[in-house]
Structures are given as C-alpha cells and as structure tokens.
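Novice: I have a structure here, written as structure tokens, and I will follow up with some questions on it.
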Amino acid sequence: MPRLTPLLLAVTLCFLASSASAQERRVQLRFQGGVNFGVPIFLDVDRDIVKPGLSFTGWGGFDIGWVVFDFGLGLQWTGIDTNNINDPNIVEPSGFEPLIRWNFSPGVRFQVPTIDAVLPYVTGAFDANLWSFQALGSGCTSYYCRDDGRAQFAPGFSGKAGLGIHLKNAMYLDVGFQYSMSGKGDFFNSSQWWVEPFIGFIYRGDKDRFGGVGY
C-alpha cells in the first residue's frame, strides 16, 4: 500500500487539474444572440424596377470569447415595380410585387470582447437561400418574369462589419453594414449582389447554462 500512495496522489492531482481546466474552459462559454433590421439594396440593377427592401434576421450562437459560432434565420422583402418592366414576356404587370428571400445561415463571428463600452465584430456566413417571386411571364432572362412562383434554392454568402454599443447589463445596440451574394442556384440566371445597412440588438449572456461566471 505505501508503494501505491505516490501513484494515487499523482492520479488525484491530475484529476483535479483536469477538472479545474475543464471548469475554466466551461465558464468561457456564453450564449449570444440578437435581431437585426436591414435595408437591402441590390447592385447593378434597374433602380426604376428593383427598389430598396426590408429584412429581418434573428440569430443565436455559442460565444467563447473572441469567436462566436452562430446560426441565423432571416426574411428579406424587396419591392419590384412590374409596371416599369419593358419586356413583352411580362403578361400582366401588376404594380409592386415582392421578391422574397428566406435564409438559414450558419456562420462565425470574430469580436473584440475586452472593451466595456463597445463590441466591434466582423462575421462570415454561408446562406442557404429560398427565393420566390410572383409568376408574371416566361422566356426572358430576369427573375421578375418567371413562369413559376414557387420558392427555389440558391446558395450564397454574406459578411458583416458591425459595432455593438453597450446599453445596460447584457444588452447592446447593434449597428453595421452587410455585403451579400446569392449564386444562381435554381432561381437566378446570374449571381446577385446587394449591400445592407442594418440596426438591431445584441444579447450577450453573462452566465453560461452550466453555472459559469461572467466576463
């Protein structure tokens, strides 16, 4: 038994060190989430036809300090003025019709969590997009004269640069700018790009679900 005592002590110390290390890693895990309201503006389009739109995005993820792994769900609406479309394939122009985009977006966020007053960040995300538009015609190369109004898939990417302004406790005012691209997929005939200023709120929890302490 005396010969086993040093071994038992060594195993006990390793276990305690491992537990302390795991606890230290655990308390750095936080929930972070928020909502954004944006104004998407498509690039390289006819401004008389494609108008600035509105978007709403909710997101949440795992905050480990300088990095956040998040998932977003968004809805985007862009007005198309069909009365200004000069194309014989448009059967019945019907005023404003919404170009609608649903998206699910897994992404990563890089932030600077060491400043009390603000939370600067940049993000990158893959966008799984579902686009739909009212069927108005057929035979032309633009999405606004489709002959099928069902939602169809097109992959894309988006990036943000923003600033969280600390309001109170775990709440931040979120302001920034987003740049997005949608590939052709099953909807477009060419890639589409747009920019989007936005405003919203960020919630950055000060405790994890396992009882860790805040920053």
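The values are calculated or read from the model by the stated rules, or taken from the named source; none is laboratory data. In this text, all values refer to a predicted model and were calculated from it rather than measured experimentally. Here the Cβ positions follow ideal geometry from the backbone for every residue, glycine too, while neighbour counts run over all protein chains shown.
Novice: Between a first residue in the stretch 148-162 that is within 21 Å of Pro98 (Cβ to Cβ) and a second residue that is charged (D, E, K, R) and modelled with pLDDT under 95, which pairs have beta carbons less than 7 Å apart while being 6 or more apart in sequence or on different chains?
Specialist: Gln152/Asp186; Phe153/Asp186; Ala154/Lys184; Ala154/Asp186
Novice: Take Gly61 and tell me if it is crowded, with 17+ Cβ neighbours inside 10 Å, modelled with pLDDT of 90 or more, among the small types (Gly, Ala, Ser) and farther than 16 Å from Gly159 by Cα.
Specialist: yes
Novice: Picking from Asn169, Asn189, which residue would you name as being among the polar types (S, T, N, Q) and either buried (at least 16 other Cβ atoms within 10 Å of the Cβ) or touching a residue at least 40 places away in the same chain (Cβ under 8 Å) (or both)?
Specialist: After ruling out the rest, the residue left standing is Asn189.
Novice: Condition (residue is at pLDDT 90 or above, surrounded by fewer than 17 Cβ atoms within 10 Å (Cβ to Cβ) and not aliphatic (A, V, I, L, M)) applied to the stretch 32-45: is it met by at least one residue?
Specialist: yes
Novice: Every residue in the stretch 50-78 that is among the charged types (D, E, K, R) and assigned to a strand (DSSP E or B), please.
Specialist: Passing the criteria: Asp63, Asp70.
Novice: Taking the stretch 83-104 as the region of interest, how many residues are part of a helix (DSSP H, G or I) and either in contact (Cβ under 8 Å) with a residue 24 or more places away in the chain or under 24 Å from Ser182 (Cβ atoms) (or both)?
Specialist: 1
Residue by residue, here is whether (1) under 30 Å from Gly137 (Cα atoms); (2) without any contact (Cβ under 8 Å) to a residue 24 or more places away in the chain holds:
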{"position": "Arg47", "(1), (2)": "yes, yes"}
{"position": "Phe56", "(1), (2)": "yes, yes"}
{"position": "Val68", "(1), (2)": "no, no"}
{"position": "Trp77", "(1), (2)": "yes, no"}
{"position": "Asp81", "(1), (2)": "yes, no"}
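Novice: Given the conditions (1) surrounded by fewer than 20 Cβ atoms within 10 Å (Cβ to Cβ); (2) more than 15 Å from Phe42 (Cβ to Cβ); (3) of a type in the set (A, V, I, L, M, F, W, C), and given that Met181 satisfies all but one, which numbered condition is not satisfied?
Specialist: (2)
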